[in-house]
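A short write-up of the structure that comes next.
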Amino acid sequence: MNRIYLATTSLFIIAVTTYGLLEWYSAQEETTNILDSTNNPEFIAENLNSDIYQTSGALSYNVEAQRMEHYAQLEVTHFERPKYTLYPKNNKPTWQITANEGTLYNNNRVKLKNRVRLIATDEESLIQEVHGKNLEMDLKTNIISSEQTILILGKGFTMYGSGLIVDLNTTQMTLTEHVQTIYKKTKN
């Protein structure tokens, strides 16, 4: 009777352990499936070109990108090679900003990274280009900022610094830390 009792107990322990392991593995698979579904974009656009208007009907900005992926659950849109054309208030000249990557968040803030370039479309602008590794842009207020190192190219000068805030509506730029300015000789 001792052997039968021992065999039954062993078989019962093996069955309970097997059942517990199967339940644990199936729970892990469900969690993985849930995580995978949030990582899949809700929709993808290739060669995107989109105009965004203000409530007044005025053009706010245009965005072009090689590829756009929208993640609804994360409330994030990712762009590859985005190019924004910004139309400031008060009929100020437009600006273009390009990067290798960009992420648009639900609060209309865009984080641009990798070879970011802000370009003035007005040839008479004192500042022609701003280069940086990362720039953040608020699409509602047209304010661009960065904590990173910045290179500013202007008419007759090149400026290095860090910590930039640009208000495109007033064309006011603030450089938090000025490192160096190189002036070029101009012909009289």
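The values are calculated or read from the model by the stated rules, or taken from the named source; none is laboratory data. Every value quoted in this text rests on a predicted model; they were computed, and no experiment measured them. Cβ placement follows ideal geometry from the backbone for every residue including glycine, while neighbour counts extend to all protein chains displayed. These accessible areas exclude ligands, DNA and RNA; they are computed on the full protein's heavy atoms, side chains included. Shrake-Rupley method; radii C 1.70, N 1.55, O 1.52, S 1.80 Å.
Taken over segment 106-129, the criterion of being without any contact (Cβ under 8 Å) to a residue 40 or more places away in the chain and open to solvent by less than 20 Å² (accessible area, probe 1.4 Å) is satisfied by Val110, Leu112, Val116, Ala120. The residues in segment 67-98 that are under 19 Å from Glu46 (Cα atoms) and loosely packed, with under 14 Cβ neighbours inside 10 Å can be counted, and the count is 1.
In segment 157-184, the residues that are in contact (Cβ under 8 Å) with a residue 12 or more places away in the chain form Cβ pairs under 7 Å with partners that are open to solvent by 90 Å² or more (accessible area, probe 1.4 Å) and not in a strand (DSSP E or B), at six or more places apart or across chains, as follows: Phe157/Lys184; Asn169/Lys89; Asn169/Asn90.
With the requirement that a residue be hydrophobic (A, V, I, L, M, F, W, C), part of a strand (DSSP E or B) and open to solvent by less than 30 Å² (accessible area, probe 1.4 Å), what does segment 152-171 give you? Working first, answer last.
Initial filter on segment 152-171 (hydrophobic (A, V, I, L, M, F, W, C)): 152-153, 157, 159, 164-166, 168.
Next, from what is left, pick out any that are part of a strand (DSSP E or B): 152-153, 157, 159, 164-166.
Residues satisfying the conditions are Ile152, Phe157, Leu164, Val166.
Among the conditions (1) among the aromatic types (Phe, Trp, Tyr); (2) at pLDDT below 85; (3) closer than 30 Å to Ile150 by Cβ, Trp95 misses just one, which is (2).
Exactly one residue out of Glu64, Glu101 is farther than 20 Å from Thr149 by Cα, open to solvent by 40 Å² or more (accessible area, probe 1.4 Å) and modelled with pLDDT of 85 or more, and it is Glu64.
Only one of the numbered conditions (1) assigned to a strand (DSSP E or B); (2) open to solvent by 90 Å² or more (accessible area, probe 1.4 Å); (3) at pLDDT below 85 is violated by Thr186, and that is (1).
From the list Thr174, Thr149, Thr181, which one is of a type in the set (Ser, Thr, Tyr), open to solvent by less than 50 Å² (accessible area, probe 1.4 Å) and part of a strand (DSSP E or B)? Quick ask: steps written out before the conclusion?
Working: Thr174 fails: open to solvent by less than 50 Å² (accessible area, probe 1.4 Å); Thr149 fails: open to solvent by less than 50 Å² (accessible area, probe 1.4 Å).
Only one candidate passes the filter, namely Thr181.
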